[in-house]
Amino acid sequence: MTETKRIALVTGANKGIGLEIARQLGEAGVIVLMGARNLQRGQDAAGDLAEAGLAVAAIEIDVNDEATIAAAAEKITGEYGRLDILVNNAGIVDGEDGPPSIATTAAARRLMETNFLGALAVTQAMLPLLRRAKAGRIVNLSTTLGSLAINGDPTSPYYEARLIGYNASKAALNMLTVQLAAELKDTAIVVNSVAPGYVRTDLTGGNGFMTPAEGARLPVTYALLGPDAVSGSFAEPQGNAPW
């Protein structure tokens with residue numbers, strides 16, 4: 001069964017957009033490993049999806065703890081031998097973030113550690129497994145706020161959203177997408193950044209225009225791209241976003 005079904009790892013999959021990405025991938029027939037810092041919460045979330053008949057399993061992975069990342073890679077290697085899809089979804093906001101003049105450097109450091117370096121660490125650990133897939137897919141969950149062009153555009157509705165730590169961490173994640181896509185251009189792995197939209201989750205404090213299920217649709221679309229898949233793009237619901 002696992003020889004024909006795709007295997008996906010979704011980080012931060014026990015709630016919010018990550019949970020809905022796991023659900024929709026599972027509904028598409030993918031075996032989904034639901035990454036969570038807290039294994040019990042991951043197991044609870046996976047149990048709910050399994051009861052709905054989806055092929056899911058929880059896996060402990062803290063993107064800030066490289067020992068758990070290495071253990072997860074070893075577990076996936078032993079049980080499946082490859083990875084077809086990696087969704088770098090885990091991310092945080094920080095109450096001490098804000099405009100450059102007042103945001104704490106500690107907050108900026110925490111945001112960069114999780115939103116960029118965490119994704120980098122997971123990607124590096126999973127690349128050997130993705131190379132074993134017929135068509136590897138990496139989706140980095142970004143945001144329109146990670147666009148340098150939009151941050152510098154006074155006519156943009158996002159112009160006043162000055163969160164130096166969060167925005168910079170997502171801009172760095174976009175750089176990972178650009179450079180990794182170029183590095184892997186002669187392989188079967190494609191890499192894209194996806195800005196799902198303004199989604200009502202714990203991350204946004206319950207604010208937003210989209211449900212988590214709606215926000216999961218675009219990342220899932222890119223996770224399931226076919227043989228003519230584009231690589232190195234920055235997508236949002238309205239189309240391509242400017243870097």
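The values are calculated or read from the model by the stated rules, or taken from the named source; none is laboratory data. Not measured: the values here are computed from a predicted model. Please note: Cβ atoms are built from the backbone with ideal geometry, for glycine as well, and neighbour counts cover all protein chains shown.
Brief remarks on what is shown
- In the range 175-226, the qualifying residues are those that are in contact with a Phe, Trp or Tyr (Cβ under 6 Å, 6 or more places away or on another chain) and either in a helix (DSSP H, G or I) or modelled with pLDDT of 90 or more (or both), and the one that is farthest from residue 131 (Cα to Cα) is 194.
- Residues being in contact with a strand residue (DSSP E or B) (Cβ under 9 Å, 6 or more places away or on another chain) and buried (at least 20 other Cβ atoms within 10 Å of the Cβ) - total across the range 77-114: 9
- Subset of the range 20-35 (residues that are aliphatic (A, V, I, L, M) and crowded, with 24+ Cβ neighbours inside 10 Å): 21, 22, 25, 32, 33, 34
- Each residue in the range 146-163 was checked for being under 20 Å from the mean Cα position of the chain (by Cα) and crowded, with 19+ Cβ neighbours inside 10 Å, and 3 pass.
- Conditions (1) of a type in the set (Val, Ile, Thr); (2) assigned to a helix (DSSP H, G or I); (3) out of contact with any helix residue (DSSP H, G or I) (no Cβ under 8 Å at 6 or more places or on another chain); number of the one not met by residue 4: (2)
- Within the range 146-165, the presence of at least one residue that is under 26 Å from residue 83 (Cβ atoms) and either part of a helix (DSSP H, G or I) or touching a Ser or Thr at 6+ places or on another chain (Cβ under 9 Å) (or both) is confirmed.
- The range 1-16, residues that are polar (S, T, N, Q), over 14 Å from residue 123 (Cα atoms) and modelled with pLDDT of 95 or more: 14
- Residue list for the range 42-67, filter: surrounded by fewer than 19 Cβ atoms within 10 Å (Cβ to Cβ) and within 24 Å of residue 132 (Cβ to Cβ): 55, 57, 60, 66, 67
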